[in-house]
Amino acid sequence: QGIEKHDGIVTKVCLERGGSKGEPSSVFTSSRDGTIKYWDVPAEVDETYGGATSSAAVPRFRASLEEHGGWVNDLIVLPSSNSSSKRLVSASNDNLVKVWQVEEDWPPAAAGSLMSLRYHIDYVTSLAYSPRRNLLASAGLDSRAVVADLEAASRVLTLHGEEGHGSGGHSHRSSPGSSGRNIGGGHACTVGQFSGAGQYIPMLLVPNPQAAKESAHDQNQDGHAATGASLWSLAMNHNASLLVCGTASCTVRGWDPRSGQRLWRLKGHTENVRALAINEDGTLCVSAAGDRSVRLWDLGMRRCIHKFDVHQDSVWALAVAGYSCGYASQGVDTSAAGGAFSTVFSAGRDGFVFRHDLRQLQSAAVVQEASPVQALAVGPMSNEVWLAAADSHVRRRPVSGAMAPYSCSSPSTSPFLSSPTAASTEAGSDRS
């Protein structure tokens, strides 16, 4: 039995439930075909969805969201206590960040976006979200990251008769340190501010010093940002005290998203930093890049403490068990040392999925695909991976509990066992 599928490469897989025996999964996928799709996947389906499966209990297609005018590059499912609906945020090549609401009714009704946030002047590549502070960060090829309070931005929709109704405040920029101020209209928000016309102005972070001098509307003749290093990846910790950006200039940058203060810059990669993962307290970060390496950083020391050098080509995706949207899903245990962040999975152009043990600093190949792996998610029990390759399908693969060590470069001391003492000689930090 066939079901509807994407017509382009899948760019993101968000797994909301699943991992326990007999428990169904809710899976959201975004694609280069400009759509977002929502699936209910029975626990016994073990091969593919997005096309025909070998099981009689096929995945059930729920909804397709189709308002974007370009590739959908990233997707986040927002946590919600309301079981009757779900909210999503997407980032696209149409320069928009969209917020969606999908009802749980069956059969599915046509769904539209709640609001479109035009914060960027070039392709939007990545998103990050803090559930504790309800802050959304977006980044793109315009060399900037934008941090917005979703609740404050949504209140713009209720300001009837005001200029900029529902626009998301893209025609202004805020200065760092403007967070939490009441500018006009009687509104206050955590990050950004409201103009006198009631228009919400998010906080704009520009990582390149030269780009910081440019106006929010400065563009070259092609409509692209005139200066700065493009941003390819984002990660934010649980309480929004740290936002980490991966850049085309091969660096990892840290910001305080509450104040807009730039904290540090980490060097070591030699190609674009394509994926990031950060633990909940903001002390450890894992980065993956086009230089085939996965690096573990101690953010207190601001040093690379280990380099996993097992991939044969560019690394495009990172995943942590139960963290497919960048924060812990319901039921994920984060109480142990390192929590779920003690194991990280990576995948990329070589078709391999590796599991990296951050305690023992070992790697193991757990899955091999015939084509490059574009997107990756891991179930909360670490017993399965959901991956998207070049055929527009998403596959669920089992993960063995065995950890066969794989050769890695320059072993260091694990941050979970003792305080790190040695740093990779090619890594460094800089506060500029």
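Database remark: amide H of Leu135 closer than 5 angstrom to the amide H of Ser130 (H placed geometrically; neighbours at sequence offset of 5 or more, or on other chains; Pro and chain starts carry no H).
Backbone N atoms of region 362-394 closer than 14 Å to the 7 Å Cα→Cβ label point of Asp313 belong to residues 368-375, 389-391.
Among the protein heavy atoms, those of Arg302 account for about 50 Å² of accessible surface (1.4 Å probe, every chain in place). For region 224-330, a crude dipole built from +1 on the beta carbon of Lys and Arg and -1 on the beta carbon of Asp and Glu, taken about the Cα centre, is about 300 debye to the nearest 20. Across region 296-306, rounded Karplus estimates of 3J(HN,Hα) from the backbone phi angles (6.51 cos²θ - 1.76 cosθ + 1.60, θ = phi - 60°) give 9, 10, 8, 6, x, 7, 6, 9, 7, 9, 6 Hz, Gly and Pro being marked x.
For Arg274, the residues whose modelled amide H falls within less than 5 Å of its own, excluding neighbours fewer than 5 places apart on the same chain, are Ala288, Ala289, Gly290. Against the criterion of solvent-accessible heavy-atom surface with a 1.4 angstrom probe, Ser363, Ser371 sort, most first, into Ser371, Ser363. Distant-in-sequence amide contacts of Gly351, defined by a placed amide H-H separation under 5 Å and a gap of 5 or more residues or a different chain, comprise Val373. Computed from backbone phi, the HN-Hα couplings of region 286-292 come to 10, 10, 10, 9, x, 7, 6 Hz, rounded to whole numbers (Karplus: 6.51 cos²θ - 1.76 cosθ + 1.60, θ = phi - 60°; Gly and Pro given as x).
The values are calculated or read from the model by the stated rules, or taken from the named source; none is laboratory data. From a predicted model like this one, the values you see are computed outputs, not experimental measurements. Heads up, the Cβs are rebuilt from the backbone with ideal geometry, glycines too, and the neighbour counts pull from every protein chain shown. The protein model used for the area step is the full one, side chains on, heavy atoms only, and it has no ligands, DNA or RNA in it. Shrake-Rupley method; radii C 1.70, N 1.55, O 1.52, S 1.80 Å.
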